[in-house]
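Below is one structure; the comments refer to it alone.
The values are calculated or read from the model by the stated rules, or taken from the named source; none is laboratory data. Everything numeric here is computed off the predicted structure, so don't read it as measured data. Methodologically, a virtual Cβ is constructed for each residue, glycine included, from the backbone with ideal geometry; neighbour enumeration extends over all protein chains shown. Calculation scope for accessible area: heavy atoms of the full protein, side chains included, ligands and nucleic acids excluded. Shrake-Rupley method; radii C 1.70, N 1.55, O 1.52, S 1.80 Å.
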Amino acid sequence: MSPRRANPELAERRREALVKAGYAEIVEKGIHATTIDGVIARAGFSKGGALYYFRTRDDLLYAVLEWLLAQLDRTLDQVASSREAPRARLASELEVLFHSAEVNRKLYLVLLDFAALGLRMERFRVLLAGFFERCRKRDEVIVEEGIRDGQFRPVKPEDAARTLRSLVDGYNLHWLLTGEGDSLESYRDRCRAVLGAYLLR
């Protein structure tokens, strides 16, 4: 009898434990040095048990990216669906996207590895592209509401949504790579100022 038939909830917990161990391995070692054996050891599983869930390393990596993007989507959906005014929702979104130095460093280390993988492997590219499209749609709705409410000037919502994502990723990468000693919060504030100059009346 398969583990899933015996106890579906236990099987799902074990699968998630492997995925989280995979994420931790990528954070620590990078995607190219992450192996199934390393993930299994970190999770405390047997190799046979782990291979029930993921037949190949790529299957495991795909599950890690899928899990990570689902976490981000869930958090951003909560912000986008709040009852706050559009301007307040965008401010809250920036707080989430510039969460903390520790969280953002880990997140972008992993996302950069997966972005490079996505440029070479279609299944990973499609997963990442879907996430960015969902980000665009969420932000487009917020901008449209802000324009209707008179909080934002009449810009093209799709352009504003793409600008927001580009600013966030650009400032995070600049903070991560330059090593100038500026805090992540200072980059968040710069992002907010540029976005405000673009959107606000």
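Roughly how many Å² of ILE147 are accessible to a 1.4 Å probe, to the nearest 10?
Surface open to solvent at ILE147 totals about 40 Å².
Kindly provide the trypsin sites (Lys or Arg not before Pro) of the stretch 83-154 that DSSP labels as loop, not H, G, I, E or B, and whose Cβ sees at most 10 other Cβ atoms within 10 Å.
ARG83, ARG120
Give a quick list of trypsin sites (Lys or Arg not before Pro) in the stretch 10-63 that DSSP marks as loop, anything other than H, G, I, E or B, with at most 12 other Cβ atoms within 10 Å.
Sparse-neighbourhood loop trypsin sites (Lys or Arg not before Pro): ARG55.
Quick one: check the C-alpha center-to-center distance for the stretch 186-201 versus the stretch 99-169, whole angstrom.
If we compute the Cα centre of each part, the gap is 16 Å.
Compute the length gained on full extension between HIS32 and VAL155: take 0.36 nm times their separation in residues and subtract their Cα-Cα distance, giving the result in nm to one decimal.
Taking 0.36 nm per residue and subtracting the Cα distance, the gain is 40.1 nm.
Taking +1 at the Cβ of each Lys and Arg and -1 at the Cβ of each Asp and Glu, which of HIS174, ALA17, ALA193 sits farthest along the dipole of the chain towards its positive end, judged by Cα position relative to the Cα centre?
ALA17
Might you report the magnitude of the Cβ-based charge dipole of the stretch 58-102 about its Cα centre, with Lys and Arg at +1 and Asp and Glu at -1, to the nearest 20 debye?
The calculation lands at about 380 debye.
For the chain, what value does the Rg/Rh ratio take when both radii are computed over Cα atoms and Rh is the Kirkwood radius, given to two decimals?
Working: Rg = 19.3 Å, Rh = 18.6 Å.
That ratio equals 1.04.
Report the GluC sites (Glu not before Pro) located in the stretch 1-105 that are in a DSSP loop and have at most 16 other Cβ atoms inside 10 Å of their Cβ, or state none. Please list the in-between numbers first.
Details: sites: GLU9, GLU12, GLU16, GLU25, GLU28, GLU66, GLU84, GLU93, GLU95, GLU102; in loops: GLU84.
The qualifying sites are GLU84.
For n ≥ 4 DSSP H runs only, could you compute -39500 (n - 2.57) per run for the chain, divide by its residues and tell me the 222 nm figure to the nearest 500?
Rounded to the nearest 500, the figure is -26500 deg cm²/dmol.
Pop a pseudo-label 7 angstrom from the Cα along the beta-carbon direction at both ASP77 and GLU9 and give the gap in nm to one decimal.
2.2
When the convex hull of the C-alpha atoms of the stretch 17-73 is computed, what volume per residue in Å³ does it have?
67
What list of ³J(HN,Hα) values in whole Hz, one per residue of the stretch 74-84 in order, does the Karplus curve 6.51 cos²θ - 1.76 cosθ + 1.60 (θ = phi - 60°) give from phi, with Gly and Pro shown as x?
Here the 3J(HN,Hα) series is 4, 5, 5, 5, 4, 5, 5, 9, 5, 8, 5 Hz.
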